[in-house]
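Take a look at the structure below.
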Amino acid sequence: MSEPNPDDSISARVDMAFIQKVEELSNGKIKINLFTGGKLGDNVQVIQYMTEQKKGIHLARISPASLVTYNCKKSELLDIPYTFANREHFWTFANSDIAQKILNEPYEKQIGVKGLFYMEEGFRHFFSTRELASIEDFKGRKIRSAGNTVMADIITCLGGTQISVGFANIYSALQTGIVDIAEQPVVNYLSNNFHKVAPFMIMDGHQMGIGEVVISSSAWDNLSPKNKEILIKAGKYAGDFCKSISEEAEQNAKKQLEEQGAKFTSVESITPWQKACADVINRALTSDNNQIELYGEIITLAY
């Protein structure tokens, strides 16, 4: 199993909760070896490896955005900025039938993986090598993009220039000036030491830091119905575990960051940010009535 973040990150802790529950429910018959810190590659590399049905990587914690390039349009809805009103909204979604539709999409499209469950690491915020006080501070700046369309569009709408950089290279890219700005949830900002080279974070919360655990289609198809059920149950357990630790972990991380000199800027109103990114939302929805309907169902879960 591949995990791009370090051992002490929320996602790695949730991975371990999942793995331990799988071993418990299977009486030790199913064992999963976890490789953290991107040792098996970044999101893009791992998904490419799994979709090509190469042997070796059976499970991975990825970003749903990694699936968009494989024509998984439903996954793109989770990247639309300012979709989730708060954590409770996200977890209502994660435990809904809507979430299952999105998790099943890559398997139904036969791209080589199947989604098992979601986790979250808190809302994503931009951080920079120099202070960010408003949207105006993004104009003309070099901003790291993971290569997905929605993030590239957000960067353009904010007036920045997107620079594609792999996750493992974010630190050095900030350190050397290849990029000025990147974005991550607070917990990953700390666990990857990004604050040491980019100590300014603006709390815009443009996206929820969603993780998705996927299994290769070949590994899934080779499991017995009983073992498939074990993975589903363990995924539900791991999601609940994530919900129980994520907010406290974020608060603790922010406190540590402040003690180490990181500076946080609050955003009084997200309305200007929503207006700036209106074209991103429209582009993601206008081409497909089914997308519009499904996105509306996600939004409605907040109420």
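The values are calculated or read from the model by the stated rules, or taken from the named source; none is laboratory data. Keep in mind the model is a prediction, meaning the values are calculated, not measured. A quick note on method: Cβ atoms are made from the backbone with ideal geometry, for glycine too, and the neighbour counts reach across all protein chains shown. Heavy atoms of the whole protein, side chains included, go into the accessibility calculation; ligands, DNA and RNA do not. Shrake-Rupley method; radii C 1.70, N 1.55, O 1.52, S 1.80 Å.
Within the stretch 78-87, restricting attention to residues that are open to solvent by 20 Å² or more (accessible area, probe 1.4 Å) and assigned to a helix (DSSP H, G or I), the residue that is nearest to Asn290 (Cα to Cα) is Asp79. The set of residues in the stretch 273-296 that are more than 16 Å from Thr156 (Cβ to Cβ) and open to solvent by 70 Å² or more (accessible area, probe 1.4 Å) comprises Thr286, Ser287, Asn289, Asn290, Ile292, Glu293.
Kindly establish whether Ile202 is surrounded by 13 or more Cβ atoms within 10 Å (Cβ to Cβ) and modelled with pLDDT of 95 or more. Yes: the conditions hold for Ile202.
Those strands (runs of 3 or more DSSP E) of the stretch 88-193 in which 1 or more residues are crowded, with 21+ Cβ neighbours inside 10 Å occupy 113-128, 142-145, 181-185. Scanning the stretch 1-38 for residues that are at pLDDT below 95 and open to solvent by 10 Å² or more (accessible area, probe 1.4 Å) yields Pro4, Pro6, Asp7, Asp8, Gly37, Gly38.
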